[in-house]
């Protein structure tokens with residue numbers, strides 16, 4: 001019998017260079033390919049293909065080497081130990097695969113680059129003791145819950161076409177998600193990142209409008225996604241996630257407008273760059289705030305569906321996330337962004353109580369509202385200076401209007417200087433109620449201006 005004509009280039013991790021893989025299986029009748037590489041054979045011979053593959057897998061444990069590159073496989077379920085060198089790159093699992101509770105041995109290489117998992121790809125509770133790579137892999141129904149990566153794992157350019165779950169996953173070494181494409185919710189709730197974690201140019205489609213964003217629509221088409229499919233409204237989720245070395249966790253050029261870092265450990269030390277956050281009017285708004293409002297209105301299911309339960313969220317939870325993100329940006333000396341999160345924190349306090357949204361009068365008539373009006377909560381000294389000028393002009397008008405006749409320009413000039421002197425607490429001859437009122441207003445505005453300038457100068461010194 002002739003040998004299968006399939007061959008392909010692959011990167012040998014141990015050799016550190018590209019090699020050519022030649023299939024050594026015998027061909028099937030009337031074909032130049034074997035049972036694994038003929039694209040149609042598996043459909044009518046599922047049991048034969050599956051059993052032959054599992055036998056090869058068992059046999060490979062003796063040599064600790066299995067190269068099954070470019071295979072066309074039916075549903076495969078295996079829960080034992082894998083050989084040290086495992087190459088399943090470019091393999092297509094037409095009916096999915098269940099590798100839950102499987103073990104990849106110490107010093108092993110598990111290479112699933114460009115593999116395609118139609119239907120389920122279940123790696124839940126499996127243990128990777130060596131390096132694992134899923135570069136450009138495609139997942140239709142992925143499950144990485146409780147998985148344990150004891151060495152580096154690479155998901156660069158991988159595509160997740162339905163909700164991707166990494167709940168309680170443990171990443172003990174480096175985890176890369178560069179250019180990874182998530183079509184629906186990416187759930188990392190209670191996951192543990194012990195070392196470096198990179199989310200660079202990661203696409204979370206739950207954050208985009210597939211109809212209005214041309215770039216994202218093109219990206220969907222390039223990844224062969226169904227553009228008309230319904231996108232999840234939330235994600236990524238890092239609820240109760242642990243970032244043990246947060247200074248090595250980087251989010252860069254990522255849209256986190258629908259993300260949640262609720263109760264995550266060390267979120268205040270994560271490094272954020274070029275992030276798109278959700279905006280409401282002039283301020284940034286976190287997804288947690290939206291969840292809190294919907295939960296209090298009993299509209300939680302309309303927002304989150306059954307993807308994850310955040311209905312227990314409290315006002316303190318939301319404020320904590322705002323503060324963590326403010327602190328994270330301050331650590332990177334990004335004071336403008338930090339100030340925006342501080343403004344959002346204060347606005348949330350102004351608009352909400354623990355029981356939900358406040359009534360309109362309580363939102364408008366409050367010290368928070370006044371503080372926002374005068375200085376945007378101490379973040380805008382220009383706004384305070386504007387109101388100082390307005391105050392001087394208003395008190396000038398109060399002095400000017402009651403006068404009978406048409407005062408001369410010299411009299412008007414006198415009223416202006418009297419108002420300026422009163423505002424800046426300079427001694428003046430008359431002690432009218434107008435002067436007293438202006439001095440009181442001046443003290444309030446001067447205090448707010450001091451807070452704003454102090455905050456601005458402190459930031460410049462830190463820089």
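Summary table below
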read-out	value
Matching residues in segment 144-164 - criterion: being assigned to a loop (DSSP other than H, G, I, E, B) and either closer than 22 Å to residue 196 by Cα or free of Cβ contacts under 8 Å to residues at least 12 places away in the same chain (or both)	144, 145, 146, 147, 150, 151, 152, 155, 156, 157, 158
Candidates 416, 365, filtered to the one that is in the same structural domain as residue 446 (by TED's automatic domain parsing) and surrounded by fewer than 18 Cβ atoms within 10 Å (Cβ to Cβ)	416
Residue satisfying all of: in segment 349-367; outside any loop (DSSP other than H, G, I, E, B) and under 21 Å from residue 313 (Cβ atoms); farthest from the chain's Cα centre (by Cα) among these	363
Unmet criterion (only one of (1) under 23 Å from residue 11 (Cβ atoms); (2) modelled with pLDDT of 95 or more) for residue 131	(2)
Sole residue being buried (at least 21 other Cβ atoms within 10 Å of the Cβ), in the same structural domain as residue 149 (by TED's automatic domain parsing) and farther than 23 Å from residue 7 by Cβ, chosen from 125, 84	84
Residues (surrounded by 23 or more Cβ atoms within 10 Å (Cβ to Cβ) and either in contact (Cβ under 8 Å) with a residue 40 or more places away in the chain or at positive phi (or both)) located in segment 165-180	none
Flag for residue 237 being modelled with pLDDT under 95, assigned by TED's automatic domain parsing to the domain that holds residue 175, within 20 Å of residue 347 (Cβ to Cβ) and in contact with a strand residue (DSSP E or B) (Cβ under 9 Å, 6 or more places away or on another chain)	no
Filter result (farther than 30 Å from residue 130 by Cβ, touching a strand residue (DSSP E or B) at 6+ places or on another chain (Cβ under 8 Å) and in a loop (DSSP other than H, G, I, E, B)) within segment 26-39	27, 38, 39
Segment 235-258, residues that are assigned to a loop (DSSP other than H, G, I, E, B) and in contact with a helix residue (DSSP H, G or I) (Cβ under 6 Å, 6 or more places away or on another chain)	235, 257, 258
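Okay, residues lined up against (1) modelled with pLDDT of 95 or more; (2) under 17 Å from residue 91 (Cβ atoms); (3) in contact with a strand residue (DSSP E or B) (Cβ under 8 Å, 6 or more places away or on another chain):
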position: 9; (1), (2), (3): no, yes, yes
position: 12; (1), (2), (3): no, yes, yes
position: 15; (1), (2), (3): no, no, no
position: 24; (1), (2), (3): no, yes, yes
position: 49; (1), (2), (3): yes, yes, yes
position: 52; (1), (2), (3): yes, yes, no
position: 66; (1), (2), (3): no, yes, yes
position: 71; (1), (2), (3): yes, yes, yes
position: 75; (1), (2), (3): yes, yes, yes
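The values are calculated or read from the model by the stated rules, or taken from the named source; none is laboratory data. As the structure is a computational prediction, the values presented were derived from the model and not from experiment. Backbone-built Cβ (ideal geometry, glycine too); neighbour counts: all protein chains shown.
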